[in-house]
Number of protein chains: 2
Amino acid sequence: MTIIDRYPSRVGAVPEIIERHDPVVWNAEIDGGPLSAEQLAHYADAGYVIIEDVLTSDEAERLNAYAQELIDAAEGAIAVNEPDSSQRRSLFAVHESDPKFSPLTRTGLLAAAARQILGSGVYVHQSRINCKRAFVGKAFPWHSDFETWHVEDGMPAMRALSCSLALTENTAINGPLMVIPGSHRSYASCAGRTPERHFEESLRRQSYGVPEDAHLSAMAQESEIVAVKMRPGSVCMFDCNLMHGSPNNMTPYDRTNLFVVFNSVANRLVEPFGGTEPRPTYLASR
Amino acid sequence: MTIIDRYPSRVGAVPEIIERHDPVVWNAEIDGGPLSAEQLAHYADAGYVIIEDVLTSDEAERLNAYAQELIDAAEGAIAVNEPDSSQRRSLFAVHESDPKFSPLTRTGLLAAAARQILGSGVYVHQSRINCKRAFVGKAFPWHSDFETWHVEDGMPAMRALSCSLALTENTAINGPLMVIPGSHRSYASCAGRTPERHFEESLRRQSYGVPEDAHLSAMAQESEIVAVKMRPGSVCMFDCNLMHGSPNNMTPYDRTNLFVVFNSVANRLVEPFGGTEPRPTYLASR
């Protein structure tokens, strides 16, 4: 069976904006899921929604203390450092390693909300902690997650989403998630071709799958960029194709977030559309 | 005559927090200056004050267009590029080169406000445009201006201030000025010794005169960091010893500001306290 690439990117062509072919909210019926009609409408329109106080601030504080222990103890490829630094940037596959994170994954509120949006059963495609430590936490440039998951992991359709749980306060100035509302409705095809084992560099500093400045400007002209502010324990759920990034954290306040990515069981990974070897399963569960 | 160094820094000693020896507002009497008692009190307490709409938005837009022409045309040492880049970062000595900026300097509202705060006549110590261009504008790390002006220029007392005029909108996310309110009341003496001609590197990327993380954390614990949001045409006046910095601008929105520094005529420069040659006059007027 030949699978048609509906979202070509990094295939050497001129970068361009492509129309989205998939729904955003796959289940128009609200069948007793945790999200209200209003929250679903906001998600469909803006590409993200904030759910306040999924954990209490005490629970978030305890989970953060535990996350810091894991980060400090971690070894091997799942632990990624900041560019040109021995400071920790990300820790992957945390849902597998530890039952303390399991309420946030298969069985909990977020999975239920993900099923509601994606209109099917879901599984965890990826999980990670992004450390963004005070003074040293470096930026994540603008990108669509889907672009990478499609090209490097073989995710066929835009039927996945991320949950970013604040373990510390996310303010406007400590390197928060920034999103371009509405940008999930179009797809910024990128320049270049992906080298093999690109992820070894890209998790520290991305140089392929980077959208054009002109495309970003056009998206940000249609809708003002939003810096997502959250109390510890609150969650931002956002579409896999929402254009987002986050700046350096030069403040003395840590910005540590736990990410869980849900993919639809109807959207399982195939061969990467960029023609490279699939990435390791700690980055893309198969 | 031997001048005692009341604010030693970069003299090879252990970095420490030193008490401020100088007043913040030098003229307690309000003798018909443009600042209200409330504005002066805010300045004394927090170390900065925002004056809204010094220029109309139209005037600011025209001045910005003109500033961009100057930036593009500029050559020589007064034009400084971003680190590892051919993109313009700063342009110095703009008040000298151009009568269009003169209302902002000797004769205008800002000079009158500066005289009110500093309790004396004033002159322009330095002027510059900080470009902070969309996508490429890089951070200015945390620092006290006075620390550099004292060590590298020989400014004896904390009797100077900066005016930052917004030529474009300054939002929370396009690389705004961040200040630690109240930090102007103590002095963070820094490590190291200044190399000769340090400014050639430091204007692009500062590596001396950088305060300790622990000192910054202590200051930011006493008082929450503020990102200064301003409409085009508004001005932030801030004390020469206020701890401040500004992050990268990764948004598609330029953040271009015009800076004018006023020093008291009673605080003229002497030999640099760091023992190096004085910096060029486009950085420190003598």
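The values are calculated or read from the model by the stated rules, or taken from the named source; none is laboratory data. What you are looking at is a predicted structure, and each value in this text was computed from that prediction instead of being measured. All Cβ positions, glycine included, derive from the backbone under ideal geometry; neighbour counts span all protein chains shown. Please note that ligands, DNA and RNA were not included when accessible areas were found on the heavy atoms of the full protein model with its side chains. Shrake-Rupley method; radii C 1.70, N 1.55, O 1.52, S 1.80 Å.
Values for this structure:
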{"item": "Neighbours by Cβ (under 8 Å, 6+ apart or cross-chain): first from segment B:100-116, within 16 Å of residue B:264 (Cα to Cα); second open to solvent by 80 Å² or more (accessible area, probe 1.4 Å) and outside any helix (DSSP H, G or I)", "result": "B:116/B:30; B:116/B:31"}
{"item": "From the options A:161, A:242, residue that is under 27 Å from residue A:103 (Cβ atoms) and either in a strand (DSSP E or B) or touching a Lys or Arg at 6+ places or on another chain (Cβ under 8 Å) (or both)", "result": "A:161"}
{"item": "Segment A:89-101 - residue that is open to solvent by 20 Å² or more (accessible area, probe 1.4 Å) and within 18 Å of the chain's Cα centre (by Cα) and, of those, modelled with the lowest pLDDT", "result": "A:96"}
{"item": "Filter result (at pLDDT 90 or above and open to solvent by 60 Å² or more (accessible area, probe 1.4 Å)) within segment B:1-22", "result": "B:6, B:16, B:17, B:19, B:21"}
{"item": "Residue count, segment A:225-238 (criterion: open to solvent by 30 Å² or more (accessible area, probe 1.4 Å) and part of a strand (DSSP E or B))", "result": "1"}
{"item": "Residue A:84, sole failed condition from (1) over 19 Å from residue A:176 (Cβ atoms); (2) free of Cβ contacts under 8 Å to residues at least 40 places away in the same chain; (3) not in a loop (DSSP other than H, G, I, E, B)", "result": "(3)"}
{"item": "Positions within segment B:249-265 being within 12 Å of another protein chain (Cβ to nearest Cβ) and in a strand (DSSP E or B), in sequence order", "result": "B:249"}
{"item": "Residues within segment B:124-150 that are within 14 Å of chain A (Cβ to nearest Cβ) and of a type in the set (Phe, Trp, Tyr), tallied", "result": "3"}
{"item": "Number of the exception - residue A:174 against (1) more than 14 Å from every other protein chain (Cβ to nearest Cβ); (2) assigned to a loop (DSSP other than H, G, I, E, B)", "result": "(1)"}
{"item": "Filter pass, residue A:163 being away from every other protein chain (no Cβ under 14 Å), touching a residue at least 60 places away in the same chain (Cβ under 8 Å) and touching a Gly at 6+ places or on another chain (Cβ under 7 Å)", "result": "no"}
{"item": "Within segment B:208-248, tally of residues that are in contact with a helix residue (DSSP H, G or I) (Cβ under 7 Å, 6 or more places away or on another chain) and within 10 Å of another protein chain (Cβ to nearest Cβ)", "result": "1"}
{"item": "Of all residues in segment B:111-130 being under 14 Å from the mean Cα position of the chain (by Cα) and hydrophobic (A, V, I, L, M, F, W, C), the one that is surrounded by the fewest Cβ atoms within 10 Å (Cβ to Cβ)", "result": "B:124"}
{"item": "Qualifying residue in segment A:272-284 (condition: modelled with pLDDT under 95, open to solvent by less than 10 Å² (accessible area, probe 1.4 Å) and closer than 24 Å to residue A:116 by Cβ)", "result": "yes"}
{"item": "Residue count for segment B:141-165, restricted to those that are buried (at least 22 other Cβ atoms within 10 Å of the Cβ), farther than 18 Å from residue B:262 by Cβ and not charged (D, E, K, R)", "result": "2"}
{"item": "Criterion (assigned to a helix (DSSP H, G or I), crowded, with 16+ Cβ neighbours inside 10 Å and among the hydrophobic types (A, V, I, L, M, F, W, C)) met by exactly one of B:55, B:35, B:70", "result": "B:70"}
{"item": "Selection status of residue A:169, among the acidic types (Asp, Glu), more than 23 Å from residue A:24 (Cα to Cα), surrounded by fewer than 21 Cβ atoms within 10 Å (Cβ to Cβ) and away from chain B (no Cβ under 13 Å)", "result": "no"}
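Every residue, every condition in (1) more than 22 Å from residue B:92 (Cβ to Cβ); (2) buried (at least 24 other Cβ atoms within 10 Å of the Cβ), yes or no:
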position: B:186; (1), (2): yes, no
position: B:197; (1), (2): no, no
position: B:201; (1), (2): no, no
position: B:205; (1), (2): no, no
position: B:211; (1), (2): yes, yes
position: B:223; (1), (2): yes, no
position: B:240; (1), (2): no, yes
